[in-house]
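Undergrad: Following this message is one structure expressed as structure tokens.
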Amino acid sequence: MNHLPCPLIAFVAAGLTVTGAAAVEYPYPSAEPQKTGWPLTVEERAYVVERPEYDRRPGREANKHLPQFWPAVPAAGHFGGDAWLKLHEAHVKTVQAHQGPLDVLLVGDSITIQWADAWATHFPGLKAVNVGIGGDKTQNVLWRLDHGGVEGLQPKAILLMIGNNNMFFTPETGIEAAAKGIQMCVANLREKFPAAEVILAKILPAHRPGNRFYEDIKKTNAALGPLKLDNDPKVHVLDLWSDFTNADGTLKAPLFTPDNIHLSKAGYATYASKLQPLLGPLLKK
């Protein structure tokens, strides 16, 4: 793939297209009553609160099973009732309180939101906004980006890590679809913030070699390679796998909490040590 002037990003091989100033084009038309914008209409709020996520998947409106599209088409999360939406609303309020320029926007799931005090420790002085939500998949991030989740911010750099929770569904969606979901999150952020540098951190390992979850993470990370996201000079791929695993592929236990998914204090220190050499120069551009 040739280098393309951004925000002109073409994902022809993947069937995903983002062009110029136009909105991101998703691979399947969502049944959302309100595709974008904030605040939510009464109809959209009822749609995302009253229906569990599985009842809003692409194809459901036509009684079709289309798991290959799930990761790349926006869908609000659902913890029961409006619990997930309340987390999103809290992030929207934070974003509205920090309008304008900032150094770093952090986007992702629980591993992102749990940076917490570790971020201030390792990146003191940087103005950052963190919009991670635990349990989020790529499709949930896409929905949040399109519904007020980052509106009005002007980040110099964006740190994205997403995809871990998509592994629960790879037996249905397949690996390539999960990778395309990550690709679409990158495309969405590039379209919204054409001047920002995007750091895509590949999915961290979890569990142990031989475990399906572990193996599917590894395969999804590998599937990002052919997509050549870093052919875009504003996209930088950060691969942390070898930093969090031993020579035999097992997890470096001190870097993880007992669930073998989330990071310990030492884990965030390792993450920060690998992020700093990349982030520092980007913020000086």
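Undergrad: Inspect all residues belonging to the range 101-109 and state whether any of them is in a loop (DSSP other than H, G, I, E, B) and at positive phi.
TA: No, the range 101-109 has no match at all.
Undergrad: Also: Write out, first by first residue and then by second, each pair whose Cβ atoms fall under 6 Å of each other, whose residues are 6+ apart or on separate chains, and whose first residue, in the range 126-143, is in contact (Cβ under 8 Å) with a residue 12 or more places away in the chain while the second is surrounded by 22 or more Cβ atoms within 10 Å (Cβ to Cβ) and hydroxyl-bearing (Ser, Thr, Tyr).
TA: Hits for this filter: 132/112.
Undergrad: Could you tell me which of the residues 72, 83, 62 is more than 26 Å from residue 151 (Cα to Cα) and of a type in the set (A, V, I, L, M, F, W, C)? Explain how you work it out, then say what you get.
TA: Details: 72 fails: more than 26 Å from residue 151 (Cα to Cα); 83 fails: more than 26 Å from residue 151 (Cα to Cα).
From the options 72, 83, 62, the qualifying one is 62.
Undergrad: Of the conditions (1) closer than 17 Å to residue 137 by Cα; (2) surrounded by fewer than 20 Cβ atoms within 10 Å (Cβ to Cβ); (3) in contact (Cβ under 8 Å) with a residue 40 or more places away in the chain, residue 245 satisfies every one except a single condition; which number is it?
TA: Failing condition for residue 245: (1).
Undergrad: Related question: Being more than 18 Å from residue 78 (Cα to Cα), in contact with a Gly (Cβ under 6 Å, 6 or more places away or on another chain) and either of a type in the set (A, V, I, L, M, F, W, C) or buried (at least 18 other Cβ atoms within 10 Å of the Cβ) (or both) narrows it down to one of 112, 138, so name that one.
TA: Working: 138 fails: more than 18 Å from residue 78 (Cα to Cα).
Going through 112, 138 in turn, just one is more than 18 Å from residue 78 (Cα to Cα), in contact with a Gly (Cβ under 6 Å, 6 or more places away or on another chain) and either of a type in the set (A, V, I, L, M, F, W, C) or buried (at least 18 other Cβ atoms within 10 Å of the Cβ) (or both): 112.
Undergrad: Does any residue of the range 195-213 turn out to be touching a residue at least 24 places away in the same chain (Cβ under 8 Å), aromatic (Phe, Trp, Tyr), surrounded by fewer than 16 Cβ atoms within 10 Å (Cβ to Cβ) and over 19 Å from residue 104 (Cβ atoms)?
TA: No, the range 195-213 contains no residue that is touching a residue at least 24 places away in the same chain (Cβ under 8 Å), aromatic (Phe, Trp, Tyr), surrounded by fewer than 16 Cβ atoms within 10 Å (Cβ to Cβ) and over 19 Å from residue 104 (Cβ atoms).
Undergrad: Moving to a separate point now. Scan the range 141-152 for residues that are among the acidic types (Asp, Glu) and either surrounded by 20 or more Cβ atoms within 10 Å (Cβ to Cβ) or in contact with a helix residue (DSSP H, G or I) (Cβ under 6 Å, 6 or more places away or on another chain) (or both) and jot them down.
TA: Matches in the range 141-152: 146 only.
Undergrad: Also, quick follow-up: Pick out the one residue from 155, 171 that is more than 11 Å from the chain's Cα centre (by Cα), buried (at least 23 other Cβ atoms within 10 Å of the Cβ) and not charged (D, E, K, R).
TA: Values: 171 fails: buried (at least 23 other Cβ atoms within 10 Å of the Cβ).
After applying the criteria, what remains is 155.
Undergrad: Specify the residue that is farthest from the chain's Cα centre (by Cα); the eligible residues are those in the range 133-152 that are farther than 22 Å from residue 238 by Cα and in a loop (DSSP other than H, G, I, E, B).
TA: For the range 133-152, the residue satisfying everything is 152.
Undergrad: Looking at the structure I just gave you, is residue 152 without any contact (Cβ under 8 Å) to a residue 12 or more places away in the chain and on the phi > 0 side of the Ramachandran plot?
TA: On the way: without any contact (Cβ under 8 Å) to a residue 12 or more places away in the chain: no; on the phi > 0 side of the Ramachandran plot: yes.
So residue 152 fails the test.
Undergrad: Might you check whether a residue that is farther than 27 Å from residue 153 by Cα, more than 20 Å from the chain's Cα centre (by Cα) and among the aliphatic types (A, V, I, L, M) occurs anywhere in the range 222-241?
TA: No: zero hits.
Undergrad: For the range 175-201, enumerate the residues that are more than 10 Å from the chain's Cα centre (by Cα) and not in a helix (DSSP H, G or I).
TA: Within the range 175-201, 193, 194, 195, 196, 197, 198, 199 qualify.
Undergrad: I'd like to check something: does the range 260-267 contain any residue that is in contact with a Cys (Cβ under 6 Å, 6 or more places away or on another chain), surrounded by 14 or more Cβ atoms within 10 Å (Cβ to Cβ) and assigned to a loop (DSSP other than H, G, I, E, B)? Give the steps one after another, and end with the answer.
TA: Initially, the range 260-267 is screened for residues in contact with a Cys (Cβ under 6 Å, 6 or more places away or on another chain), giving none.
The answer is no; no qualifying residue exists.
Bear in mind these aren't lab numbers, they're just calculated from the coordinates by the rules spelled out. Model, not experiment: these values are computed from the prediction. Every residue, glycine among them, receives a Cβ derived from its backbone with ideal geometry; neighbour counts consider all protein chains shown.
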